[in-house]
1. Rg/Rh for region 80-123: what does it come to with C-alpha atoms and Rh from Kirkwood?
2. Give the lysines whose C-alpha is closer than 24 Å to that of Lys19, dropping any in the same chain fewer than 8 places away, or say none.
3. Near Leu51, within a Cβ-to-Cβ distance under 12 Å, what is the net charge of the other residues, with Lys and Arg +1 and Asp and Glu -1?
4. Give me log10 I(q)/I(0) at q = 0.10, 0.20, 0.22 Å⁻¹ for the chain, Debye formula, one equal scatterer per alpha-carbon, no solvent.
5. What does the charge dipole of the chain about its Cα centre add up to, to the nearest 20 debye, if the Cβ of each Lys and Arg holds +1 and the Cβ of each Asp and Glu holds -1?
6. Placing +1 on the Cβ of each Lys and Arg and -1 on the Cβ of each Asp and Glu in region 11-123, which of Gly23, Pro61, Gly13 has its Cα farthest towards the positive end of the resulting dipole?
7. How would Trp113, Trp59 line up from fewest to most surrounding beta-carbon atoms within 10 angstrom?
8. Given Cα pairs under 8 Å that are at least 6 residues apart, what percent is the relative contact order of the chain?
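Bear in mind that the values in this text are calculations on the coordinates, not laboratory data. Since the model is a prediction, treat every value here as computed from it, not as a measurement. Here Cβ is always computed from backbone atoms with ideal geometry, including for glycine, and neighbour counts include all displayed protein chains.
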Amino acid sequence: MRSTRARYRFPSGLRLRRKRDYGRVFENPRRSADRAVTVLAISNGLDIPRLGLAISKRWLPRAVARNRAKRLIRESFRTHQQQLQGLDVVVISRSAIAGIETADFSRALERHWKRIRHLTRHSRNQNAP
């Protein structure tokens, strides 16, 4: 029996870990942005989505705030991973991330996931023969 803690872990298979993986996403991404975050995504050719985070000390100088933002992003990604299948996603912090409320941030991330999904589906259909 798996513990509750193990069930909610963020496994390494769902993370972008290598520089070249991040580089692929930054090369020619589909993009969704607001004042708090920019979300970049690209198809990864896998059956799973993968997440990378770039949360800057510039906008969140305290480690507690950076870790909170990362937890919120990972949790939102985890709960929406079915609709993000086959994508590599990088979330980059922006200036307004420092003052955003948790509920507003969660809603904003949901909008980003939907927009990214729409943009990547649209681009796949255009590239099809």
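1. Across region 80-123, the Cα-based Rg/Rh ratio is 1.01.
2. By straight Cα distance, Lys19 reaches Lys57, Lys70.
3. On the way: positive: Arg15, Arg17, Arg50, Lys70, Arg74, Arg78; negative: Asp21, Glu75, Asp88.
With Lys, Arg at +1 and Asp, Glu at -1, the net is +3.
4. Evaluating at q = 0.10, 0.20, 0.22 Å⁻¹ gives log10 I(q)/I(0) of -0.31, -1.20, -1.41.
5. Value, rounded to 20: 420 debye.
6. Pro61
7. Values: Trp113 23, Trp59 19.
Sorted ascending by nearby Cβ count, the order is Trp59, Trp113.
8. Normalised by residue count, the contact order of the chain is 32 percent.
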